[in-house]
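Participant: Sharing a structure below in structure tokens format, with a few things to ask.
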Amino acid sequence: MPDWILHLDLDQFIAAVEILRRPELRGRPLVVGGDGDPTKRGVVSTASYEARAFGVHSGQPLRTAARRCPDAVFLPVDRAAYEEASAQVFATLRDSGAVIEPLGWDEAFLAHPALRRVRDPEVFAQEIQRRVRLSTRLDSSVGIGHTKLQAKTATGFGKPRGVFRLTAENWFAVLGDLGTDALWGIGPKTSRKLAELGVHSVRQLATASDVELAQVFGPTTGPWLVRLANGGDESPVTGAPWVPRSAGQEHTFQVDVADWAEVRDEVARMAADVARAALADGRGIARVVVKVRFAPFFTETHGRVLSGDADDETAVVAAAMVALDRFERRKPVRLIGVRAEFRSDDA
DNA sequence: TCTGGGGTCCTAGGACCC
DNA sequence: TCTGGGGTCCTAGGACCC
């Protein structure tokens, strides 16, 4: 029997962290997002299960959430608090002796010697849930599989507070008739494109032709889609520390900005911020990319490569200004962003 | 459903070189 | 000097995820 891989996902993570410090909110519909003002631009980061019952979900505009659930409590996003809770969870997982591969704030793949060749990985999964709850008071769900994709997909069927096992044995029984967007990595666009080819279900995708899909989706993506439908490949859980490829900032204005000088000032300020943070981390910047979202909702990006010897804040800001000058459109601006792409040869 | 902010990876097309 | 073919790099955009 191959080794087991676990995937742990905290239940309604952000909402749960808020409830821990405001116990009076337990059992109430709670929405965390933006700056907590549901009349402003912003989206839902996490809704509590009570709010989800009203049709509120992650990614939804706060205004919509307020309309669907007027009695919900709205709170601003507090990154620092979630990062701290997240670090505690990962520390607990590592203390168990597991190899941990984090996937964002509230998820991780897990491999452990105790999972080698056992018949009942559920016992270990429940022990992990218990430890996380004990040290952080947070509930989680755990998926079990022989591949990361199996484990990750299983977790959703265990929520909340449950454990679910998904292997080649029950993969098609559980997923076969579901739409292709049930798979991790297939979103609405790809799902629709597949449907146009007559591929509607996971089962159909699993037996689709690599060659045909390669023609439509490209040589890498096409065959990968078929592999997904079959439960994924054997990439191992890696404990190697994550090295970011890029870092940046974005900001959506509450009111569209028509004054280009104001846009310039804001881009310069953000570029300086991004450069300072990157250089403080010892990362060299290879390229700066400026993003502008014009009203009503049209996004354009332009970048500028930095010469190898010009790696200071001033050079980064100057490069951002050059990139910004390549935008020709002059419409009201909804969002601006600055992203630094790091050199890969340094840590 | 008037659409955040943090990211990653892949693709297509053009430039450029031999 | 009517126009091949392959490789690589860069750029912008698309799609997806948490």
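Participant: Please list, or write none, the aspartates and glutamates whose alpha carbon is within less than 17 Å of the alpha carbon of residue A:331, excluding same-chain residues fewer than 8 places away.
Facilitator: A:256, A:259, A:262, A:265, A:266, A:300
Participant: In whole Hz, what ³J(HN,Hα) sequence does the stretch A:163-169 give by Karplus (6.51, -1.76, 1.60; θ = phi - 60°), x for Gly and Pro?
Facilitator: 10, 9, 10, 9, 10, 4, 5
Participant: Springs between alpha-carbon atoms under 10 Å, Gaussian network over chain A: tell me which of A:233, A:139, A:265 tops the mean-square fluctuations.
Facilitator: The residue with the greatest mean-square fluctuation here is A:265.
Participant: Over what distance in Å are the Cα centres of the stretch A:241-265 and the stretch A:37-107 separated?
Facilitator: Distance between centres, Cα-based: 22 Å.
Participant: Continuing with this model, one more query. Residue by residue, what Karplus-based ³J(HN,Hα) values in Hz, rounded to whole numbers, does the stretch A:216-227 have, using 6.51, -1.76 and 1.60 with θ = phi - 60° and x for Gly and Pro?
Facilitator: For the stretch A:216-227, the Karplus-derived couplings read 8, 10, x, x, 8, 5, x, x, 5, 4, 5, 4 Hz, x marking Gly and Pro.
Participant: Next up: Report the Cα-based extents of the stretch A:1-167 along its three principal axes, largest first, to the nearest Å.
Facilitator: 54, 27, 24
Participant: Using the heavy atoms of the protein chains alone and a 1.4 angstrom probe, what is the accessible area of the stretch A:172-229 per residue in square angstrom? The partial results should precede the final answer.
Facilitator: Values: 3220 Å² over 58 residues.
Per-residue value: 55 Å².
Participant: Next question. Suppose we keep just the alpha-carbon trace of chain A; what are its Rg and Dmax in angstrom?
Facilitator: Reported Rg and Dmax, both Å: 22.7, 65.
Participant: While we're looking at this one, here's another question. Which number do you get for Rg(Cα) / (2.2 N^0.38 Å) in the stretch A:246-342? Walk me through the numbers on the way to the answer.
Facilitator: Working: Rg = 12.8 Å, N = 97, 2.2 N^0.38 = 12.5 Å.
So the stretch A:246-342 has a normalised radius of gyration of 1.02.
Participant: Roughly what angle does helix A:121-136 make with the longest principal axis of chain A, taking Cα atoms, 0 to 90 degrees, to the nearest 10?
Facilitator: With rounding to tens, the tilt is 50 degrees.
The values are calculated or read from the model by the stated rules, or taken from the named source; none is laboratory data. As the structure is a prediction and not an experimental result, all values here were calculated from the model. To get the accessible areas, we keep the full protein, side chains included, count just its heavy atoms, and leave off ligands, DNA and RNA. Shrake-Rupley method; radii C 1.70, N 1.55, O 1.52, S 1.80 Å.
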